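K.L.:
Below is a structure I'd like to ask you about.
Any read-out appearing in this document is the output of simple, stated calculations on the displayed coordinates, not a laboratory observation. All values derive from a computational prediction rather than experimental measurement. Note that we place each Cβ from the backbone using ideal geometry, even for glycine, and neighbour counts take in every protein chain shown.
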């Protein structure tokens with residue numbers, strides 16, 4: 001089914017085309033003048049085809065054609081007229097009309113033209129999607145952001161992607177760490193080789209070694225055949241080790257050896273296999289603190305943390321919320337086939353005033369829900385869930401109370417940590433070393449927390 005706009009000042013012609021097209025299952029919108037057509041084009045979702053009379057009492061079909069092409073170049077326009085001349089036909093085709101039909105015409109004639117116009121529209125849409133996929137869908141444009149902190153991350157990805165070095169991606173859950181890993185992979189010389197993601201926290205300790213390095217037949221109960229591990233599967237490409245902080249101490253030792261030797265030994269096997277794999281690891285923990293308390297190996301941390309990229313939470317880059325909301329709206333509306341084109345100001349304000357403890361992933365889920373529930377062409381406030389606006393939190397934990405409805409502990413602690421960071425930096429004259437001393441943490445830990453909360457200082461202000 002297609003959405004078709006019919007523009008003609010003759011009621012009989014409008015009714016004829018409406019009946020003819022509706023029988024084919026199309027959704028038809030009628031307009032009796034170019035000005036009425038302009039309102040339809042502005043207020044309705046994108047049309048697939050526009051059929052317009054050329055000469056009307058209150059304007060020209062060429063004006064309709066121009067309006068359509070300015071707003072939606074992919075929409076196909078069919079011009080019909082009872083006053084056909086070579087000059088008018090040439091003018092219409094030069095301005096982008098798909099076809100030109102002379103009145104009177106037969107039903108099967110208009111149906112054939114509409115079908116071909118829809119096929120061209122579909123081809124254009126497929127070409128656009130393919131071009132987007134080839135030129136960047138899996139690189140940076142899936143990571144949406146205009147904020148300075150995200151622009152710095154985009155720049156970092158472009159700079160580190162060509163190298164072979166290991167990268168550690170940090171940040172809260174839902175900030176898009178796997179997207180960073182994929183962007184690094186697809187901008188690297190390894191882009192044609194496999195990208196293999198592994199969630200280390202989702203695999204039981206008893207199976208993680210086999211999952212990573214593979215096993216041979218008979219290595220343990222249930223090992224009925226040889227099995228290739230993800231390191232072998234990613235050979236020549238990139239492996240993404242998510243939630244790396246969840247690995248047990250014995251597995252940390254084995255992973256360290258693989259990173260050093262570039263060799264793996266399947267469980268139960270006697271022969272080592274060389275692998276060429278770039279490792280991008282991710283965690284929502286402060287691994288340096290984990291190292292200090294003995295929960296994570298220092299040597300493995302340094303091996304992984306050659307280059308570190310910290311993704312800020314969504315609340316630290318609020319200017320990206322409208323951009324992300326529109327991005328997810330287009331994606332979800334296209335997925336479910338709903339003609340939703342935007343959000344009302346009230347709905348957008350509710351999103352911008354919310355803290356998003358679940359970060360970008362939570363925003364995407366909220367938009368997906370809204371698209372499913374919404375019945376108009378704009379997302380309204382009523383289609384969004386209850387979103388509690390952010391509020392200023394007291395710094396001292398002793399000033400905090402726990403209300404009957406409870407609190408979001410991670411958000412509260414994050415706000416307190418960010419507030420203390422800002423106060424320490426201000427007190428230290430924006431000298432990071434001095435601020436770290438005031439907070440009794442290392443300079444590296446201070447930098448991690450600054451990146452985590454989207455706190456930035458010019459390089460020259462570092463001490």
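K.L.:
Quick one: if the Förster radius is 56 Å, what FRET efficiency do residue 22 and residue 407 give, using the C-beta to C-beta distance and rounding to 0.05?
P.N.:
Efficiency, from the Cβ-Cβ distance: 0.50.
K.L.:
Another question, if that's okay. With a ≥ b ≥ c taken as the square roots of the eigenvalues of the C-alpha gyration tensor of region 218-371, please select rounded if a/c is under 1.5 and otherwise prolate if a/b is larger than b/c or oblate if it is not?
P.N.:
prolate
K.L.:
Suppose we keep just the DSSP beta bridges with both residues in the chain; what percent of those would be antiparallel, to 5?
P.N.:
Restricted to the chain, the bridges split so that about 15 percent are antiparallel.
K.L.:
Something else: Could you work out how far apart the two model spin labels at residue 35 and residue 87 are, taking each label as a point 7 Å from the Cα in the direction of the beta carbon, and quote it in nm?
P.N.:
So the label points at residue 35 and residue 87 sit 2.7 nm apart.
K.L.:
If I compute Cα extents along the principal axes in Å from the structure I just sent, which labelled value in (i) 85, 61, 46; (ii) 102, 45, 42; (iii) 65, 47, 45 lines up?
P.N.:
Entry (i).
K.L.:
Treat each spin label as a single point 7 Å out from the Cα along the C-beta direction, and report the residue 335 to residue 46 distance in nm.
P.N.:
With each label placed 7 Å out from Cα toward Cβ, I get 1.8 nm.
K.L.:
What is the distance in Å between the Cα centres of region 17-44 and region 270-287?
P.N.:
Cα centroid to Cα centroid, the span is 58 Å.
K.L.:
Can I ask one more? Can you tell me the order of 20-26, 4-10 when each peptide is scored by its average per-residue count of other Cβ atoms within 10 angstrom, highest first?
P.N.:
4-10, 20-26
K.L.:
Which of rounded, prolate or oblate describes region 1-121 when judged by the alpha-carbon gyration tensor and an a/c cut-off of 1.5?
P.N.:
Note, shape of region 1-121 comes out rounded.
K.L.:
Specify whether the C-alpha gyration tensor of region 1-57 places it in the rounded, prolate or oblate class, a ≥ b ≥ c being the square roots of the eigenvalues: rounded for a/c under 1.5, otherwise prolate if a/b is larger than b/c and oblate if not.
P.N.:
Since a/c reaches 1.5 but b/c is at least a/b, the shape of region 1-57 is classed as oblate.
K.L.:
How tilted is helix 148-160 with respect to the longest principal axis of the chain? Cα atoms for both, answer in degrees (0 to 90, nearest 10).
P.N.:
Approximately 70 degrees, to the nearest ten.
K.L.:
Something else: Based on the mean of other Cβ atoms within 10 Å per residue, sort peptides 358-366, 280-288 so the most packed one is first.
P.N.:
In decreasing order of mean packing, 358-366, 280-288 become 280-288, 358-366.
K.L.:
Separation between the residue 365 and residue 295 pseudo-spin-labels, each 7 Å from Cα along Cα→Cβ, expressed in nm?
P.N.:
2.3
K.L.:
Would you mind calculating the gained length between residue 456 and residue 263 on full extension (0.36 nm times residue separation, minus the Cα-Cα distance), in nm to one decimal?
P.N.:
65.5 nm
K.L.:
Among 176-187, 59-70, how do they line up from the highest to the lowest mean number of other beta-carbon atoms within 10 Å?
P.N.:
Ranked by mean Cβ neighbours within 10 Å, highest first: 176-187, 59-70.
K.L.:
Same structure, new question: How high is the relative contact order of the chain, given as a whole-number percent (alpha carbon pairs under 8 Å, six or more residues apart)?
P.N.:
11
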